[in-house]
Structure formats: C-alpha cells, structure tokens
1. What GluC sites (Glu not before Pro) in segment 45-142 are in a loop by DSSP, with at most 12 other Cβ atoms within 10 Å of the Cβ?
2. Which three semi-axes in whole Å describe the equivalent ellipsoid of segment 19-155, each the square root of 5 times a Cα gyration tensor eigenvalue, listed largest first?
3. What are the ³J(HN,Hα) values, in whole Hz, obtained from phi via the Karplus relation 6.51 cos²θ - 1.76 cosθ + 1.60 with θ = phi - 60°, for each residue of segment 61-74 in sequence order, with x given for Gly and Pro?
4. With the cut-off at 1.5 for a/c, could you classify segment 112-180 from its C-alpha gyration tensor as rounded, prolate or oblate?
5. Beyond a 27 Å Cα-Cα separation, which of these cross-linked pairs lie in this structure: K80/K123; K98/K132; K118/K159; K80/K137; K80/K118; K104/K137?
6. Using r as the Cβ-Cβ distance of H141 and R101, and R0 as 30 Å, what FRET efficiency do you calculate, to the nearest 0.05?
7. Where nothing but the Cβ of Lys and Arg (+1) and of Asp and Glu (-1) is charged, how large is the charge dipole of segment 19-155 around its Cα centre, in debye to the nearest 20?
Amino acid sequence: MAAVAWLKGPRPEFDFFSFEEAERFLDAADPEWRPMFTLALRTGLRIGELRALRWDDVDLVAGRLVVRRCDWRGHLGTPKSGRNRELPLSGDALAALKTQRHLKGELVFCAEGGRAWKENEYKWPMWRACKKAGLRKISWHVLRHTFASHLVMKGVPLKAVQELMGHATIEMTLRYSHLSPEIGAERCSCSIGMAIPWQRAPPRPPTSGHTRRKLVEAAGIEGASGCVPTWPSMSLRGPYLLITRVANATPRDPA
C-alpha cells in the first residue's frame, strides 16, 4: 500500500495593530497601565519577560534594557530563546519607564506590595483600552507582533528584527517578511519576470551612501535624527545602530 503524504496547511495569519491603531490603543489605556503597554509595543517583550523585568535590568541613563528572565505562569526561568538579549529604548519607551518608577519592589511592573501581576489581572486593562479605542479584542502577543511588524514595514532588515525579538532562528522572523517594502518590490519584479520572460528585472547594483540617501528621500522617509538608514553589521551593535535610526522614522510630509 502506497504511503500517504500529509499536505501542510497554510500557516495561520497573525494579528497586529496598524500605526494609527497602536496610538489609539495607548491613548485609551488607563494611566497606570500605559507604561507597560508602551514598553510592549516599543520593545516586543513577551508578557512573561515584562512580568519578570527588574529595575536592575534597566539602564535609564544609557537608554537600554537587558532581558534576563521570563515569568511563565509563576515559574521564573530564562527567556524563551535560552539566552539574554539587550534592547535599545526609544524615546517614548524611555519616558514610559521614567514615569513607571516606584518604590514597591524590584519588579518594574507589579501590583501593590511589589508582587507580580497575575494572568487574569493584566488582560482586563488591555481589553478595556481596546473597547475604549474602538478596537478589536486582542491578546498580549499582538503587541509583540505589532513591534516586529512595524520594524519590518519601516525597512529594518530581518536579521536585526530576529535579534531584537529574541528569535532562536531566522525562520521565525520570516513570517513578517511579506511586510517588507524591499521584499515586496523584489516579489513584484520576480512576478513580472516570470510572466514576461524577456523582461527580466535587472540586477540591483550596490548602492553608495549618496545613493542610499537619494533613495530614502525619494521614499519620503526621514530618521528621527536625520540619519540615513544603513545596513547594519551582524554584530550586536548593528541592530542598536539601526533601531535608533530607522525604528522612529516617519513619513515625510509630501508638501
């Protein structure tokens, strides 16, 4: 009898907020929960990593934090990837942490008395903010998906996104690849090339710094500090340099 090969079904789509929805969500959040929501949207930390985050993991002067542990249903352990990772803090993430400073205990986000939040305590404020903002009900992981999706949509390379998200393999990060404007253009070129064999897309020549600046200006994207996004090295320094230059990039007013 011939063996039957199982067909793989399509991977389920993930949900994430658009840029406008994310701002509406934060505006509608309760003041005491807004810092936690902001950090989730701006760093992509898992809910267990947020619950386990301590003040000694945060450097408010240097503007960075280190993910060292994860609290999963009351069990404290290492992050899901099995290794620590360091993340740069954007301006609003840093401001949120400064607003959050307290003397309750060593945990950054905690209930009265310094205890960690229970699972059924932090989901209601999130759903309340969604309802107030006129948004669909979401899970905490949607905030993490939103962080990664926004990075890719702003042109951050997938390798940098992998390191910032703490993914063990690049395959986990590839689920966001369809959101990349660069990959989308390449797919369009490939589709045209396959449909019309004699009109293959020409190979893209290497770009100089001057050419990159022209491309960025043409795309209407400008970094927060006026810097031109550059491809980072694969060292840990690369994603930090890139995230500070690109993650806060905003579309330039066409006028």
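Any read-out appearing in this document is the output of simple, stated calculations on the displayed coordinates, not a laboratory observation. From a predicted model like this one, the values you see are computed outputs, not experimental measurements. FYI the Cβ positions are ideal-geometry reconstructions off the backbone, even for glycines, and counts take in every protein chain you see.
1. When the GluC sites (Glu not before Pro) of segment 45-142 are filtered for loop state and at most 12 Cβ neighbours within 10 Å, E106 remain.
2. Result for segment 19-155: semi-axes of 21, 18, 15 Å.
3. Each residue's phi maps through the Karplus curve to give 6, 7, x, 8, 9, 10, 8, 10, 8, 9, 9, 10, 6, x Hz.
4. In terms of gyration-tensor shape, oblate.
5. K118/K159; K104/K137
6. 0.65
7. My answer is approximately 400 debye.
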